[in-house]
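The values are calculated or read from the model by the stated rules, or taken from the named source; none is laboratory data. Please read all numbers here as calculations on a predicted model, not as lab measurements. Cβ placement follows ideal geometry from the backbone for every residue including glycine, while neighbour counts extend to all protein chains displayed. Accessible surface is based on the protein model in full, side chains and every heavy atom, while ligands, DNA and RNA are left aside. Shrake-Rupley method; radii C 1.70, N 1.55, O 1.52, S 1.80 Å.
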Amino acid sequence: MAFIWSNFSSLKVNDLPQLRVQMKAHFGLRIGKHASNSIIKSPCVYTSIIEKRFPLLKKIKEKSINVTISDKQLSGEKDILDFIEDDYEGVIINCDSLPDASNLFAAALQSSLSYWKYMGKKGVWLRILEEQADLVPVALKARFCYHHAEPGYVMLTYWIPDGPCLLPSTGTHQIGIGAFVINNQEQVLVVKEKKGPSWCSGIWKIPTGFINKSEDIFSGAIREVKEETGIETSFLEVVAFRHAHQVIFDKSDILFICLLKPLTFDVSIDTTEIEDAMWMPLDEFLNQQVHKEDQLSGKIINICMNMFENNHRGFKVEQLASKLDNQITHLYSLALEASPKE
């Protein structure tokens, strides 16, 4: 897009050199003798921001002089932080190009926000690396808000339009798995954790753990069993999931209960996390007081046993490609039985 002040009129010869100096110094724009002959299809635009910063432009507007300025030139490129546009009318600032000095960053940030507001942008995403931590107070002073943090960086956001911020929040859930592994002798693979809440002390339970970043549910279940017990398994089904709120750091928690088939049988524990592990007879496992008193634990074990005995169907996993996000993904669904042919 380009911007133009039109309604052609006269321009004093003495004004042109000063205009060229200002436009070249601030925009990197050269004004030629034939600027009035430029063909621009964009609507006429004039802003108080530009007028305030470049008083000569006000004079030019009053004189109805035709001046052509591109978006890039209008931004005052040297004062605008390097950025890319996202798919939602927002911008993502390039953290690798942030000024080192706080005062330079503050000035460039204000200029950038003014420009993005002028351009009708909405959300601004600012990643500040650990080694750039001195810039965080500057961004907060400019009314950026914390969004999330990961090892090595903190993400801040800024919402330009008036009204409530419509940017997506940070992750609200943590994902875990519980692995129910039972062999043909109806022995359940159980562990006794070395550390944990007091109510878990001394309890034999199924292996559980959190999913790693970018890890699939079925992969996480197989990994956790291997890490805690040394048993190799294959994933069969997701049999149920539990949804709870305000767990660790007030996050919500989803625990997927997975049925796995053992491929090996020699237990070898991870002594950093696990006190002991074993194959426990099913009756002994069910007779633990915690399973008799806790509705959730009892229900989960009952579902798992029904799945093992083929009385229920769980969610199978299927790998599929999606054109919506160009990703290979995994879909968990109930296996549909083929309809009998007539």
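Laid out as a table, the results:
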{"read-out": "ALA277 being open to solvent by less than 80 Å² (accessible area, probe 1.4 Å), of a type in the set (Gly, Ala, Ser) and more than 22 Å from LYS194 (Cα to Cα)", "value": "no"}
{"read-out": "Hits in region 155-174 - residues which are modelled with pLDDT of 95 or more and in a strand (DSSP E or B)", "value": "MET155, LEU156, THR157, TYR158, TRP159"}
{"read-out": "Candidate set: region 245-274, residues that are more than 23 Å from GLN187 (Cβ to Cβ) and of a type in the set (D, E, K, R); chosen: the one surrounded by the fewest Cβ atoms within 10 Å (Cβ to Cβ)", "value": "ASP250"}
{"read-out": "Residue within region 253-263 that is in contact with a helix residue (DSSP H, G or I) (Cβ under 7 Å, 6 or more places away or on another chain) and part of a helix (DSSP H, G or I) present", "value": "no"}
{"read-out": "Residue check for VAL290: part of a loop (DSSP other than H, G, I, E, B) and surrounded by 14 or more Cβ atoms within 10 Å (Cβ to Cβ)", "value": "no"}
{"read-out": "Residue match in region 306-314 (condition: open to solvent by 90 Å² or more (accessible area, probe 1.4 Å) and either in contact (Cβ under 8 Å) with a residue 12 or more places away in the chain or in contact with a His (Cβ under 6 Å, 6 or more places away or on another chain) (or both))", "value": "yes"}
{"read-out": "Residue satisfying condition, being over 12 Å from GLY123 (Cβ atoms) and touching a residue at least 12 places away in the same chain (Cβ under 8 Å), within set PHE180, PHE144", "value": "PHE180"}
{"read-out": "Selection status of VAL154, touching a Lys or Arg at 6+ places or on another chain (Cβ under 7 Å) and touching a residue at least 12 places away in the same chain (Cβ under 8 Å)", "value": "no"}
{"read-out": "Check on VAL188, hydrophobic (A, V, I, L, M, F, W, C), surrounded by 14 or more Cβ atoms within 10 Å (Cβ to Cβ) and closer than 21 Å to HIS312 by Cα", "value": "yes"}
{"read-out": "Residue count, region 84-93 (criterion: in a loop (DSSP other than H, G, I, E, B) and open to solvent by less than 50 Å² (accessible area, probe 1.4 Å))", "value": "2"}
{"read-out": "Checklist (1) of a type in the set (Ser, Thr, Tyr); (2) modelled with pLDDT under 85; (3) open to solvent by 40 Å² or more (accessible area, probe 1.4 Å); (4) under 24 Å from PHE180 (Cβ atoms) applied to TYR332, failing item", "value": "(2)"}
{"read-out": "Members of region 122-156 that are open to solvent by 80 Å² or more (accessible area, probe 1.4 Å) and under 17 Å from ASP82 (Cβ atoms)", "value": "ARG127"}
{"read-out": "Residues satisfying the stated conditions in region 222-244, i.e. among the charged types (D, E, K, R), open to solvent by 10 Å² or more (accessible area, probe 1.4 Å) and either free of Cβ contacts under 8 Å to residues at least 24 places away in the same chain or part of a helix (DSSP H, G or I) (or both)", "value": "ARG223, GLU224, LYS226, GLU227"}
{"read-out": "Residue count, region 205-221 (criterion: within 21 Å of LEU286 (Cα to Cα), among the hydrophobic types (A, V, I, L, M, F, W, C) and not in a loop (DSSP other than H, G, I, E, B))", "value": "0"}
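A quick yes/no check of all residues on (1) among the hydrophobic types (A, V, I, L, M, F, W, C); (2) on the phi < 0 side of the Ramachandran plot; (3) modelled with pLDDT of 90 or more:
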site: SER219; (1), (2), (3): no, yes, yes
site: GLU227; (1), (2), (3): no, yes, yes
site: LYS251; (1), (2), (3): no, yes, no
site: LEU255; (1), (2), (3): yes, yes, yes
site: THR264; (1), (2), (3): no, yes, yes
site: VAL267; (1), (2), (3): yes, yes, yes
site: THR271; (1), (2), (3): no, yes, no
